[in-house]
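The values are calculated or read from the model by the stated rules, or taken from the named source; none is laboratory data. Quick caveat: nothing in here was measured; it's all calculated off a predicted structure. FYI the Cβ positions are ideal-geometry reconstructions off the backbone, even for glycines, and counts take in every protein chain you see.
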Amino acid sequence: MSTARTIIYAAVAAWFCVFGLSSASGYVFFDDGGVHEIDYTIDDGVVVIGDNDNGSTTAYFLPGSSVEGILWSMGTSRIVMSDGSIASTLLASDNSVVTVSGGTFGHEFWLGDRDDCSSTVAVTGTDFKINGEPVDYGLYTAADYPGGQLSGNLQKGGELDNTFVIRGDSRLILAPAPIKFSTITPAEDEIIEAAVYLLAEIEALEGAQIEDATFTIRSKHDENGEPVSLADASATDSQTYSDDGESDGFGDVPATYNENYDEWELDFDSAELPNGHYIFFVSAVDTYGNEGVSKAVPFKIENENEDEDKLANPENWEVVELLPPSPRYNPGRTLPVRFALQVKEDVDAETPFVYSEHLEVRIRLKAGENKNPLQSSFFGRGRTAYRINEQKEYYVTNFRTLLIPAEYIVEVRCTAKNDLVLDSFEFETERRRLMFHPRGLMRRIQNLLQGHFGF
């Protein structure tokens, strides 16, 4: 036996003598720095040791586990008890952490066995009382309760009614039992059309029941965003969008419990919200007063909309030329060819900007319309690709003009609509004449040189 283990064994034996317990000779030690899952019976006590040469150790006590003696955590070890039984005392010593969410305990809880301990015991459940008086969830120290009687219902089953002692800087944490959620509709990233039932399964703590559940849909910006507005929602027996009957948002809408399927449901017409991306989550409270919120589920509403279809139809788009004011440019230069794409005014008076990555911008000579284009630009980042400036609402592609003067046609096509020609515009290049006669220009240069350098 190692020296460290001998010292620990001696400490266990001494502790047993002080508290009048049976011999520690048959105790099981977990001190290898590993993770242990206990689902069997241990005829004596258990000591879980951390912070030795092998590092910290964790022990999980699962259904079927049974410890006939004490359960002791030492050093920086961790014990997680979700089921099983402890016949004697639970002792959290040193800096160890014990989490209790289920199981049964024969005797007391010790949070520290010395004044220099700083251990933690976290108990998850409901209806906690200390010395018969209800207490709030939270953290308690020796300054609050150096000892007493703790009772309550554990999250995963089992009742507490045990004495406890807190020593040193040790902490007792009483935490609410989480409510379990399973969202059925919408599923993650599901596309919803028309009317559907929003469905969720909600599981309360053993012995409790779900008292109320509400559903919320929000725009998929972030989980703390404002509820989306329901433009034309109306209240019915099964769904109420606000207390005053007005449609001011889809936040905390009461759901109805369906006993036949053990599900909470809400009849929802997705046409009440604009097409787009959203998140859905459920809130609930049980008869013990526990509150919970489900994980947010992203989904998409995609209904047919006559007005939106008109705006999305390339046949209702038009090109607006955005070249610099002069239609003539020097040949041989690279020219930024800009244009805007918008909805035609007779379709939408506001002529909104159209964003599309499914265009082809063809540039060809005006002479000989049947010739191949000099350049075809598609969306991307390449030298001849077209780009979209969403902030300034225009499209741009770079085009190297020929060295000789020429007339060009810019043709914008929609590749998603069988290469439909949306519109076209023209520009030309021509050589610029010198503003000065060469002899006069030389005379001006000589005058400048004499003025600056004296010769």
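General remarks:
- Selection count where residues are assigned to a loop (DSSP other than H, G, I, E, B), more than 20 Å from Arg387 (Cβ to Cβ) and polar (S, T, N, Q), scope the range 313-364: 4
- Single residue of the range 329-354 satisfying the filter (closer than 21 Å to Arg383 by Cα and hydroxyl-bearing (Ser, Thr, Tyr)) that is surrounded by the fewest Cβ atoms within 10 Å (Cβ to Cβ): Thr334
- Number of residues in the range 302-327 that are among the hydrophobic types (A, V, I, L, M, F, W, C) and at pLDDT below 85 equals 4.
- Filtered by the rule that a residue be acidic (Asp, Glu) and in a strand (DSSP E or B), the range 33-47 gives a lone residue, Glu37.
- Among residues of the range 118-135, those that are assigned to a strand (DSSP E or B) and within 35 Å of the chain's Cα centre (by Cα), counted: 9
- Hey, Ser73 among the hydroxyl-bearing types (Ser, Thr, Tyr), part of a strand (DSSP E or B) and at negative phi or not: yes
- Within the range 87-102, residues that are without any contact (Cβ under 8 Å) to a residue 60 or more places away in the chain and under 12 Å from Arg171 (Cα atoms) have Cβ atoms under 7 Å from residues that are outside any loop (DSSP other than H, G, I, E, B) and among the hydroxyl-bearing types (Ser, Thr, Tyr) in these pairs: Ser93/Ser73; Ser96/Ser73; Val97/Thr120; Val98/Ser73, counting only partners at least 6 apart in sequence or on another chain.
Table: residues versus (1) at pLDDT 55 or above; (2) closer than 30 Å to Arg413 by Cα; (3) in contact with a Gly (Cβ under 8 Å, 6 or more places away or on another chain).
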residue: Ala231; (1), (2), (3): no, no, no
residue: Asp237; (1), (2), (3): no, no, no
residue: Glu246; (1), (2), (3): no, no, no
residue: Ser283; (1), (2), (3): yes, no, yes
residue: Thr287; (1), (2), (3): yes, no, no
residue: Gly332; (1), (2), (3): yes, yes, no
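- Note on the range 183-215: among residues that are over 18 Å from Gly276 (Cα atoms) and of a type in the set (S, T, N, Q), the one that is surrounded by the fewest Cβ atoms within 10 Å (Cβ to Cβ) is Gln209.
- Residue satisfying all of: in the range 141-167; touching a Lys or Arg at 6+ places or on another chain (Cβ under 7 Å) and either assigned by TED's automatic domain parsing to the domain that holds Ala204 or not polar (S, T, N, Q) (or both); nearest to Gly102 (Cα to Cα) among these: Gly152
- Top-ranked residue in the range 396-446 [being among the hydroxyl-bearing types (Ser, Thr, Tyr) and outside any loop (DSSP other than H, G, I, E, B); ranked as modelled with the highest pLDDT]: Thr397
- Only one entry of Gly138, Gly106 meets the criterion of being of a type in the set (Gly, Ala, Ser), more than 33 Å from the chain's Cα centre (by Cα) and surrounded by fewer than 16 Cβ atoms within 10 Å (Cβ to Cβ), and that entry is Gly106.
- Top-ranked residue of the range 31-77 - restricted to ones that are among the charged types (D, E, K, R) and either out of contact with any Gly (no Cβ under 7 Å at 6 or more places or on another chain) or not assigned by TED's automatic domain parsing to the domain that holds Gly158 (or both), ranked as surrounded by the most Cβ atoms within 10 Å (Cβ to Cβ): Asp31
- Some residue of the range 96-117 being in contact with an Asp or Glu (Cβ under 8 Å, 6 or more places away or on another chain), in the same structural domain as Ser66 (by TED's automatic domain parsing), of a type in the set (A, V, I, L, M, F, W, C) and assigned to a strand (DSSP E or B): no
- Of all residues making up the range 103-116, the number that are at pLDDT 90 or above and small (Gly, Ala, Ser): 2
- Pairs, first outside the structural domain of His358 (by TED's automatic domain parsing) in the range 417-437, second modelled with pLDDT under 85 and part of a helix (DSSP H, G or I), C-beta under 8 Å, six or more apart: Leu434/Leu441; Phe436/Arg444
- Number of the exception - Lys180 against (1) modelled with pLDDT of 85 or more; (2) surrounded by fewer than 20 Cβ atoms within 10 Å (Cβ to Cβ): (1)
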